[in-house]
Amino acid sequence: MPRVVVVGQVARDLVLTIGSMPEEGGSTPVQERRELLGGKGANQAVACRQLEAAVELIGVVGDDPPGRAVLAQAVGDGIGVDGVIRRPDAPTALLLDIVEPHGVRRLFEDVDQRMLLTADDVRGSEDALRAADAVLVQLQQPPQAVSAVLEIASAAGSLVITDGAAADEDSRELVLRRAVVVRADTEETEALAGWKPRDLAQTIEAAQSLVESGPRIVALAVPTGGNVVAWQDGHVVLPLIDDDPVDPTGAGDAFVAALAISLLQGDDMRTAGWLAAAAAAQVVGTAGGRPHLDPSELRSAARRARKMHG
């Protein structure tokens, strides 16, 4: 069983499904309400665990009832939480996900700065980072914390996977030098590549350029939909394969997690890309970012999608 450490956001995720947004001064009934363990780090950790990895989570919650509740959910999911810091006198992050019909969502984020990791927080989990087969790090964390993760994990020879855009040029250079796999959405790609791709051809160009800068694998979202996964000798274009998306929240997190586990299991880059796309498609079928992944079903879905679109 591969050992994975996920470094990133841990939050209380409140998901409300509605028929339509009310007019100013109006109201609307909630059709469904779900309260979940959420945040990008936690979503990736849950996905990795569902894909049969041993998972440790490094992040921050408040020393408050919501923080204790989400940690209890993480433990119930089989995730190790020794690396999660409990900050006293600080509120656990709250993510409010408003979901309308046809995949329309609005996300409200209440994240106190004290819910972000410090370099000292990261160093407190150095043993876990060094023992990991793969380390997934969310670049929305402060540069000092990200730098500490990258230095420790890369020195240990882990499969280092970053998700997001570096905060500054120094962080960008460190990411490109230390990460094995780099993942970014359309907005984040501009910060990593230095320019903004407008279409599929430009996204392929940006991905291949980033591969030349250091990472072994680069996965970028395409502005017109879908993803590109590129490596030194080639690339694969992955269309969106969900038929009727309910909520896009968590799709990128599932993509990253499935890509990581597939690579750890020895799959080639194309297979890993299709598994990642299939995982993203499964997550968007329900409201909220929490994944519900079954390894065998995921591989079957990836094979079907590859046969149909590949």
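For region 44-98, filtered to residues that are touching a Ser or Thr at 6+ places or on another chain (Cβ under 8 Å) and assigned to a helix (DSSP H, G or I), the residue that is farthest from A131 (Cα to Cα) is P66. Would you pick out the residues in region 240-283 that are in contact with a Gly (Cβ under 7 Å, 6 or more places away or on another chain) and either among the basic types (K, R) or outside any helix (DSSP H, G or I) (or both)? Listed by number, the residues that qualify are L240, D242, P245, V246, D247, P248, T249, G250.
Assess whether L150 counts as being farther than 16 Å from L36 by Cα, touching an Asp or Glu at 6+ places or on another chain (Cβ under 9 Å), surrounded by 15 or more Cβ atoms within 10 Å (Cβ to Cβ) and not small (G, A, S). Considered against the rule, which asks whether it is farther than 16 Å from L36 by Cα, touching an Asp or Glu at 6+ places or on another chain (Cβ under 9 Å), surrounded by 15 or more Cβ atoms within 10 Å (Cβ to Cβ) and not small (G, A, S), L150 comes out as no. Applying the condition of being of a type in the set (A, V, I, L, M, F, W, C) and outside any loop (DSSP other than H, G, I, E, B) to region 289-305 and asking which residue is surrounded by the most Cβ atoms within 10 Å (Cβ to Cβ) yields A302.
One line per residue, one yes/no per condition, for (1) without any contact (Cβ under 8 Å) to a residue 40 or more places away in the chain; (2) over 20 Å from the mean Cα position of the chain (by Cα); (3) closer than 24 Å to A42 by Cβ:
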position: Q141; (1), (2), (3): no, no, yes
position: E169; (1), (2), (3): yes, yes, no
position: R177; (1), (2), (3): yes, yes, no
position: V182; (1), (2), (3): yes, no, yes
position: T186; (1), (2), (3): yes, no, yes
position: Q208; (1), (2), (3): yes, yes, no
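Scanning region 17-43 for residues that are touching a Ser or Thr at 6+ places or on another chain (Cβ under 9 Å), without any contact (Cβ under 8 Å) to a residue 60 or more places away in the chain and assigned to a loop (DSSP other than H, G, I, E, B) turns up P22, T28. Residue count for region 166-208 satisfying the condition of being in contact with an Asp or Glu (Cβ under 6 Å, 6 or more places away or on another chain) and over 21 Å from V5 (Cβ atoms): 1.
Name the residue, out of I217, I204, that is among the β-branched types (V, I, T) and within 17 Å of the chain's Cα centre (by Cα).
Working: I204 fails: within 17 Å of the chain's Cα centre (by Cα).
So the residue among I217, I204 that is among the β-branched types (V, I, T) and within 17 Å of the chain's Cα centre (by Cα) is I217.
Residues in region 25-70 that are in contact with a Pro (Cβ under 9 Å, 6 or more places away or on another chain) and hydrophobic (A, V, I, L, M, F, W, C) were compared, and the one that is nearest to A260 (Cα to Cα) is C48. A single member of G164, G103 is within 25 Å of G38 (Cβ to Cβ), more than 18 Å from the chain's Cα centre (by Cα) and in contact (Cβ under 8 Å) with a residue 24 or more places away in the chain, and it is G103.
On the given criteria, is V228 buried (at least 19 other Cβ atoms within 10 Å of the Cβ) and in a strand (DSSP E or B)? Steps first, please.
Details: buried (at least 19 other Cβ atoms within 10 Å of the Cβ): yes; in a strand (DSSP E or B): yes.
Yes, satisfied.
For region 192-201, a residue qualifies if it is over 20 Å from A251 (Cβ atoms) and surrounded by 17 or more Cβ atoms within 10 Å (Cβ to Cβ), and exactly one does: A193.
Just checking, which of A277, A254, A272 is crowded, with 20+ Cβ neighbours inside 10 Å, in contact with a Leu (Cβ under 9 Å, 6 or more places away or on another chain), in contact (Cβ under 8 Å) with a residue 40 or more places away in the chain and under 22 Å from R106 (Cα atoms)? I'd like the intermediate steps shown before the answer.
Working: A277 fails: under 22 Å from R106 (Cα atoms); A272 fails: under 22 Å from R106 (Cα atoms).
Checking each option against the conditions leaves just A254.
Criterion applied to D168, D163, D121 was being of a type in the set (D, E) and surrounded by fewer than 17 Cβ atoms within 10 Å (Cβ to Cβ), and the one residue passing it is D168.
Condition first: on the phi < 0 side of the Ramachandran plot and assigned to a strand (DSSP E or B). Can you find one or more residues in region 109-117 that meet it? There is at least one residue in region 109-117 that is on the phi < 0 side of the Ramachandran plot and assigned to a strand (DSSP E or B).
Each value in this text was obtained by applying a stated rule to the coordinates, not by laboratory testing. Because the structure is a prediction, the values reported are computed rather than measured. Cβ: placed from backbone, ideal geometry, glycine included. Neighbour counts: every protein chain shown.
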